[in-house]
Amino acid sequence: MQWWTRVTLAAVAVAPLAGSAFAQGAAEQFYRGKTITMIAGGAAGGGYDAYARALGRHMGKYIPGNPSIVVQNMPGAGGNKAAGYMYTVAPKDGTALALVFPGSILAPLLGDTPIQHDPAKFVFVGSANSDVYTCVVRNDAPVTSFKDVFTQEVIIGASNEGGTTRDMPTLSNNVLGTKFRIVTGYSGTREITLAVERKEIQGLCGFGYTSLLSTRPQWVADKTVRIIAQENAKGTPALNKQGVPRTVDFARTPEDRQVMELVYSQAVIGRPFVLPPGVPADRVAALRKAFMAALADPALLAEAGKMKLDVEAMSGDDVQTMVGQLFAMPKRIVDRAKQALVYKPPAR
């Protein structure tokens, strides 16, 4: 082999490594001395807030240049306020990312309310966990099981269209025939759970099981509420073992079940962190890598364990692929799912 051939092949072999090192160096130079704003789409004290703040305390040390991270809450519009801010206002240089509701990712697919963002154009950093949504009711509610809600009305609290607390019971009403009467307008699960405790309402649905355990552990410990259903195709082992039913098992046809599973895909997306479109590729790569590293950090995991936060990280690439697949679902199923999220109060 000629010497110049060997040199050329060596240069080709080294090029990817050099490119990676250059990108890492560019990201480090950019982030050194910077502050990243992390927007939490939920209210302070809620489950989304807890995840954002846990990540915010640990992610900076894994980002080249070690920027500081400041968490800000931006609840409202079923999570769409934070998503709209990220898409239209937030800087597109990698100094802003947000934890948004999964409902705000499916909003243009399943909703009619005008929104300011295009979820397909978001850059996904990753998801902190998958979740299982639950329906819970107070012990003095007029129902004691999910089957009871088919014949007995129960009053529950919710945020707004696009939020799981509103969309999950609406789906059950329209596809299964339950009688949830939904009171909307709460800014997040913290306010809804306070309303439950004040006996303004009788319960809530679309409440992540991990959020229940982390924000209202006493509800489970002293049996303040009953968990009457899991709004999920598979359920969580702990609740399956307790015999808590899955709502999809009440579906009357295979297509009904498919419609429900499309809406429940929000749970698989879980707690997605997004960047606005246009962030430079080297910074995207750095943030995605730091995200996965932080969620594997023993200190974060120990903290999450104490807070009863379930951590099941999904990479940004995987979330990006999943969102693309959801937006490619058959129109017939999407149209049915969309109609199933139109709330009509139960007849009296």
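Filtered by the rule that a residue be closer than 16 Å to residue 58 by Cα and of a type in the set (Val, Ile, Thr), the range 266-313 gives a lone residue, 311.
Taking each residue of the range 34-58 that is free of Cβ contacts under 8 Å to residues at least 24 places away in the same chain and looking for partners that are among the β-branched types (Val, Ile, Thr) with beta-carbon atoms closer than 7 Å, six or more apart or interchain, yields 53/71; 56/69; 56/71. Return yes or no: is residue 287 in contact (Cβ under 8 Å) with a residue 24 or more places away in the chain and assigned to a helix (DSSP H, G or I)? Yes, satisfied.
Where residues in the range 140-164 are touching a strand residue (DSSP E or B) at 6+ places or on another chain (Cβ under 8 Å) and at pLDDT below 95, which of them is farthest from residue 74 (Cα to Cα)? Ranking the candidates gives 164 first. Among the residues of the range 65-105, just one is aromatic (Phe, Trp, Tyr) and surrounded by 24 or more Cβ atoms within 10 Å (Cβ to Cβ), namely 101. The criterion of at least 1 residues that are within 30 Å of residue 181 (Cβ to Cβ) is met by the following helices (runs of 4 or more DSSP H) wholly inside the range 294-348: 316-326, 331-339. Among the residues making up the range 60-69, those that are outside any helix (DSSP H, G or I) and either touching a residue at least 60 places away in the same chain (Cβ under 8 Å) or under 29 Å from residue 206 (Cβ atoms) (or both) are 63, 64, 69.
Applying the condition of being modelled with pLDDT under 95 and not in a helix (DSSP H, G or I) to the range 238-282 and asking which residue is farthest from residue 95 (Cα to Cα) yields 270.
In the set 174, 160, 139, 129, only one residue is over 18 Å from residue 230 (Cα atoms) and polar (S, T, N, Q); that residue is 160. Please specify each residue of the range 89-138 satisfying the condition of being more than 30 Å from residue 198 (Cα to Cα), among the hydrophobic types (A, V, I, L, M, F, W, C) and part of a loop (DSSP other than H, G, I, E, B). Across the range 89-138, the qualifying residues are 89, 90, 115, 122, 128. Within the range 28-45, can you find the residues that are of a type in the set (A, V, I, L, M, F, W, C) and in contact with a Gly (Cβ under 6 Å, 6 or more places away or on another chain)? Scanning the range 28-45 gives 38, 43.
Considering the range 120-132 alone, what residues qualify as being buried (at least 24 other Cβ atoms within 10 Å of the Cβ) and modelled with pLDDT of 95 or more? Hits for the range 120-132 are 122, 124, 125, 126, 127, 128. Among the residues of the range 213-232, those that are surrounded by fewer than 24 Cβ atoms within 10 Å (Cβ to Cβ), in contact (Cβ under 8 Å) with a residue 24 or more places away in the chain and farther than 15 Å from residue 169 by Cα comprise 213, 214, 215, 217, 219, 223, 224, 226.
The values are calculated or read from the model by the stated rules, or taken from the named source; none is laboratory data. Everything numeric in this text was worked out from a predicted model, so none of it was measured. Don't worry about glycine lacking a Cβ; one is built from the backbone with ideal geometry, like all the others, and counts go over all protein chains shown.
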